[in-house]
Structures are given as C-alpha cells and as structure tokens.
Amino acid sequence: MSSEFVTGKNYNTNRSSPARFIISHMLRHPLVMILLLIGAASNAGLAALVPIFVGQSFNVLTASNPLWSLGGFDRVFNSVMYPLDGALNFVALMAVAIILSQLSRGAVQLVRNFSSETFGQRIERDVRDELYASLLGKSMTFHDYHPVGEIMARVTNDVREMNLMMNPGLNLLVGSSMFLIVPVIFAPLIHPTLFLVPLAFVVCHLAVQYRFIRQMHPVAQRVRASFGQMNARLAEALDGLQVVKGAAQERAETERFDKLADQVRDYFVQQGRIEARYLSYLLLGLSFVLGFAHTVILYQQGAILVGDIVNFMTLIVLFGFPVFTSLNSLSRVALGYASASRILEIINTKTDLDRNPQGHKATIAGEIVFDGVTFAYGEDHNDVLHDVSFRVKPGQTVAVVGQTGSGKSTVTKLINRTYDAQSGRVVLDGVDVREWDLESLRSQISIIEQDIFLFSRTIAENIAFGVDDATREQVIDAAQKAQAHDFILTFPEGYDTVIGQRGVTLSGGQRQRLAIARAFLTNPPVLILDDSTSAIDSATEDKIQQAIWSAARGRTTVLITHRLSQIRWADHIVVLRNGHIVAQGTHDDLLANSESYRRIFARYEADPVQQASEINGHDAEESDKLDTVNKMEGE
C-alpha cells in the first residue's frame, strides 16, 4: 500500500477483513493467548469438581444414613442420631478437596485475568500505533476530506473498544464457553442419557448467540458511526469557538450537537432493546426444569442416587455463568468488531502519494521547474492551476503574486509534494519530484505558511522542531536572526515557556517569527515563505527582512507576498490570475512589458489598502500596509 511515511515497526497484520485483522493482532502475542486459554479451561474444569465432590458426599451420606428410607417423624429423629463417623470423615475430605480445588481455581483465574488484561492493553497499543502511523502516511487530500473529530474518535474510542472487546469481552466469552463444555462432558458420567438436556441447551444457546450477533452487528456499527459524527461536530465547534461566540451562535450549535447526541442515545436504546430480547435466560430456566425432571425419573427407576441428582443439577447451574456473561461479552465483541472495521477503513484507504524509498536522494541545489502543471484539489473540483510553467535557477529568489484564489499557495504545495499535479511536471534539480525519495525531498525544503502552526510545547522545542540534535545556542541564534529573541526573554520561563495549543498565547507576529526561526535552524536549500510577514508590523519587518535576505543568500527562495519591497527584491516574478500565468520576469521588465503587473502597482497607488487586500487575502492592519507603501514610494 502506498504511503508517505512508514514506521520502522513491522506490524505484519492481515488487513483483508476486520476478523482477520483482529486475529492477526492476537497472534502477535501467542504466549499471552495460550495462558488465557489454559486459564479459561482450567477454571471451568476446577469449577466442575465442586458438583462432583458435593454429589459424592450426598451419596455417602444417604448410603450410611437410613433417613431417606424412613417415613415417621420419630424414626427420622432417631436416624439423625445414627452414628455417621465414617460418612462425616468422607464429607470432611470432600470439603477439603473443594477448598483446595477452589484455591487453585483462584490462582488460575488470576493468571487468566492478568493475561486477558495484558492481551487487551497490548492490542490497544499496537492498533493505536498502527493507526497513527497510517494517518501520518496519508496524503493531505485524505485529511482534507476527513474531519479531525471523526479521526480522533477512531484513534481514541474505537481503539479503546477493541481493548474492551478483548477484556472483558473475549475473556468472558472464552471462559464462559468452557462452562458450556463441562456439563456436556461430565453429565454422561453420571448416567449416559443425562447429556440430552445439556447438549440441547448448548445447541439452542449457540443459535441464540448467532442470532444476537446478527442483530447487534449493524446496530453496533451505527453506534460507532454516530459517535464519530458527534465527535466531529464537537471538535469543529471547539476549533471554531471564537467564530461561534462572535456570531452569537451558541444556541444554534447546542441544538445541532443535541441532535447528534440524541442520535447516539437512540442507537444505544436500540442496542438495549436487542439485549432485552436475549432468549438464553429463558433457555436456562427451561434447562433447570427439564434437567430436574429427567433426573427424578431416573431416580425413580433406580438408575441414579440422590447425590447424582445434586451433582447433575449443580452442573446445570454452571450454565448460568455463560448465560449471564455472554450478553455483555457479546455486546463488547460486536462493538469491538464494528470499531475494528472503522479502523481498518482508515488504514486501507489508499493515498495518492508514495514515499518512494528507492527514489532519488541527493543534496538539493535548488533548481525548480514547473512544466505545464495543471492541478485541482480533487477530481470533482475545478482546476486551481492551468498549464503553469516557469523556471527558478539555484540560489534565485522568485516572487509569486496575484489576487486571492489565484493559486499562489498551491504552487508552494506542489514543490514539496504535499500534493501531486494532475498533469505536467514539477522538476527539482532535473528530477521530477515524484521520483525523489519523499523524506529526502521534504527534509531539504522549509515552508513558512500563512497559518502558523505551533505545538503545545516549549518555545525552544518549537524552534528546534525537525532538528533533534539542536543545541540551545543554535536555537537562540536562530531566534535572534528572526528577531524573536527579545520577546522570548520577556516570558518568565524564557525559551522554556510552554505555549498554548497552536500558539494561542502568542500574537500573530510572534508566531510567525518563531516559525521563521525554525526555518533558519533547519538551514534548508529551498526556503518557501508563504506570506510569512503578513502579521508583522513595519518596524519589525525592516529588521526581519534583513534576516530573510541573509537567510535567502545562497539558497533558492520562493516568496508569496503582498509586500512590494519584497516583490521588487526578487530575481524573478511570476504573476498569477485565476490559475494562469499572465506574466513573468524581473520587476523592471514587467513594469515595462506587462499591463497586468503595471495594473497591480497602479491600483496600489490609487487604493493601497484595497490592492494589498486583493494580493494578500489577509486582514492585516491597514496602517501596516500603508507604511509599506510609503516606504516603497520613499525609496
């Protein structure tokens, strides 16, 4: 299966079906599985010794005591006083045997429960690791069409359901299955015909379980799917909470969420209705009645003793454990199976990119060529780029300009293979990017995007992300180049300050400077700045622009910017309109020969705020844009 990333772990799982996927994960832990089976079988066998010992005790007592053959009360009283030393000694021996067998059973149960819990936890860990690695290997096209909340539901709750399927689900199911076998085996030892009721119960019970699973499976799938939809809505609402509050849409969002929560509740109620019609409870009662009637008939015929009746009925009581536990365990198995199906759906989804580990590996010189590139975000979407062609020489700086939606950012995403072009080629150092080893390609390209993402970690860890062996001195040096050092020192913990999720505790300009510092530290041959100075004020821009010029020296740099000072600084300028290249060349050439490029400057001078908004597509402060224009005109 194609993937952008493959972990070093070898999961070796069968992904052809949910059942085979589950079994293959179970087989990865054979010792634990064997201990679980041995513990379950031994537990049932030791439990079966109790009715045998009790039955033998009754037989000895009835044989040595004439109580059972007398009819008068006085004779009963006298018979109770009959010396029973020999019988009582045997009963005492049976009592000791019962105690020892149940102590052994307790130790066996400990082994079984420990094995099942270990089994469940290991499988949960393995499945979560495999799913997480699979998600990292999916292309951005995949993630564009799958809500984060839905993915999180599968990584957390669905994986947890697989754990619960193993323990208590499979643990109780295997253990209780042994209790179904024991009466069928031991009952004929009492009398050959006594296997009829236990065997009939087992057959009917298995039929009920099969019917229950058939009814429960589609409901379990709807339960898990509805939970994923509810989780997706919750994640989306929390991620856009500022928009929700700003538009006063709390009530509307609550109503939408309530509908999804009600749907989850309704499916759980539907599951409960199926569980309420579980017929094995009725079968258990019937087996008691029929089994007791059968033993009474045999007793009247003289075929068995009273102790044998007690022995047999106690064996029938063992059926209570599989009946009472199977309802919960089968529900857990059904939910776990549905979760495995949802997890496997993600893992088996094909990605349109491959990491190409046998591909080209080399140090990038920096030549970038777009050769007739056409691209669309999905088959059902319109083309974003149309027959785009341009060349960037090693060490050059190219500026891509155009109105909002013209495809500027898309150009940058094709260079490092975030996406692949539908037609045409993107060539890096004479090699199609699709023929590069993906890790080698991306590790040498640093992108600072419009939407800066920072992790909920320390400032130093965010700057050093991607450079595991970076020293504190290197981190500080990168921060100084990005004009971030001074504001970092204003925090009480300095570089060890933990920033909030996505860097919410920082201003937009501070986030962008940390991202630029990260790029400086990685020291890539190709640097892509996707409007990375849009949230920086003019004073800071003057300082950071010097650092950008310094960082760009000797490396290929791609600029997506609305800053005219940066556009004029570029060696090559590409002008996009509606996905088409309408002009390209140097600043002076375009001013002389391109009406579209001249129109940009003419509009800028006539209405600088409007033009900045058209080119950038960001809501940066108007004063910041006007300062930029004034500086440009002053030059």
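The values are calculated or read from the model by the stated rules, or taken from the named source; none is laboratory data. Nothing here was measured: the structure is a model prediction, and the numbers come from that model. With ideal geometry, Cβ positions are generated from the backbone for all residues, glycine too; neighbour counts draw on all protein chains shown. Just so you know, the surface numbers come from the protein's heavy atoms only, side chains and all, with ligands and any DNA or RNA stripped out. Shrake-Rupley method; radii C 1.70, N 1.55, O 1.52, S 1.80 Å.
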> What are the semi-axes of the equivalent ellipsoid for the stretch 463-510, taken as the square roots of 5 times the Cα gyration tensor eigenvalues, largest first, in whole Å?
Replying inline: 17, 13, 11
> Which value results for Rg/Rh of the stretch 315-390 when Rg is the Cα radius of gyration and Rh the Kirkwood radius based on the inverse mean 1/r?
Replying inline: 1.43
> Residue farthest toward the positive end of the dipole of the chain, with Cβ of Lys/Arg at +1 and Asp/Glu at -1: which of Ser139, Leu31, Ser326?
Replying inline: Ser326
>> Once the convex hull of the alpha carbons of the stretch 224-278 is built, what does its volume come to per residue, in cubic angstrom?
In response: 53 Å³
>> Give me the dipole magnitude in Debye, nearest 20, for the stretch 406-532 about the Cα centre, with unit charges on the beta carbon: positive for Lys and Arg, negative for Asp and Glu.
In response: 360 debye
> What do you get when you divide the Cα radius of gyration of the stretch 196-248 by 2.2 N^0.38 Å, with N the number of residues?
Replying inline: 2.24
> Roughly how compact is the stretch 281-364, stated as its Cα Rg over 2.2 N^0.38 Å to two decimals?
Replying inline: 2.43
>> Using only Cα atoms and rounding to the nearest 10 degrees, what angle (0 to 90) does helix 538-552 make with the longest principal axis of the chain?
In response: 80 degrees
> Using the heavy atoms of the protein chains alone and a 1.4 angstrom probe, what is the accessible area of the stretch 180-269 per residue in square angstrom?
Replying inline: 59 Å²
> Packing-wise, with mean Cβ within 10 Å as the measure, how do 288-295, 465-472 rank, highest first?
Replying inline: 288-295, 465-472
>> Tell me whether the stretch 360-467 comes out rounded, prolate or oblate; compute the Cα gyration tensor, take square roots of the eigenvalues as a ≥ b ≥ c, and use a/c under 1.5 as the rounded threshold.
In response: oblate
> So what does the Cα-only Debye profile of the stretch 439-523 read at q = 0.17 Å⁻¹, as log10 I(q)/I(0), no solvent term?
Replying inline: -0.61
> Solvent-accessible area per residue for the stretch 80-153 at a 1.4 Å probe radius, Å²?
Replying inline: 54 Å²
>> Please compute one quarter of the surface area of the Cα convex hull for the stretch 407-452 and express it in square nanometres.
In response: 3.7 nm²
> Which value results when the Cα radius of gyration for the stretch 107-250 is divided by 2.2 N^0.38 Å?
Replying inline: 1.58
>> For the stretch 390-527, what does the accessible surface come to per residue with a 1.4 Å probe? Please give it in Å².
In response: 43 Å²
> Roughly how tilted is helix 595-606, in degrees to the nearest 10 and between 0 and 90, from the longest Cα axis of the chain?
Replying inline: 90 degrees
> Once phi is turned into θ = phi - 60°, what whole-Hz ³J(HN,Hα) does the Karplus curve with 6.51, -1.76 and 1.60 give for every residue of the stretch 33-41, x standing for Gly and Pro?
Replying inline: 5, 5, 4, 5, 5, 4, x, 5, 5
> If you find the alpha carbon centre of the stretch 353-402 and of the stretch 420-462, how far apart are they in angstrom?
Replying inline: 11 Å
> Mind ordering 129-139, 313-323 by average Cβ neighbours within 10 Å, highest first?
Replying inline: 313-323, 129-139
> Once both axes come from the Cα atoms, what is the angle between helix 306-317 and the longest principal axis of the chain, in degrees from 0 to 90, rounded to 10?
Replying inline: 10 degrees
> For the stretch 196-353, what Kirkwood radius comes out of the mean inverse Cα-Cα distance, in Å?
Replying inline: 19.7 Å
> Along the charge dipole of the stretch 404-488, Cβ charges K/R +1 and D/E -1, which of Thr458, Tyr419, Val431 sits furthest on the positive end?
Replying inline: Tyr419
> Residue farthest toward the positive end of the dipole of the chain, with Cβ of Lys/Arg at +1 and Asp/Glu at -1: which of Leu590, Leu206, Asn113?
Replying inline: Leu206
>> Can you tell me the convex hull volume per residue for the stretch 94-135, based on C-alpha atoms, in Å³ to the nearest whole number?
In response: 30 Å³
> So how strong a dipole does the stretch 332-417 carry about its Cα centre when Lys and Arg Cβ are +1 and Asp and Glu Cβ are -1, to the nearest 20 debye?
Replying inline: 460 debye
> When the dipole is taken about the Cα centre of the chain, and only Lys, Arg (+1) and Asp, Glu (-1) are charged at their Cβ, what size is it in debye, to the nearest 20?
Replying inline: 2560 debye
> Where in the stretch 141-191 are there chymotrypsin sites (Phe, Trp or Tyr not before Pro) that are in a DSSP coil and have at most 11 other Cβ atoms within 10 angstrom of their Cβ?
Replying inline: Tyr145
>> So if I average 1/r over every pair of distinct C-alpha atoms in the stretch 300-431 and take the inverse, what Kirkwood radius in Å does that give?
In response: 21.3 Å
> In the set (1) 1.45; (2) 1.39; (3) 1.09, which value of Cα Rg over 2.2 N^0.38 Å was calculated from the structure you see?
Replying inline: (1)
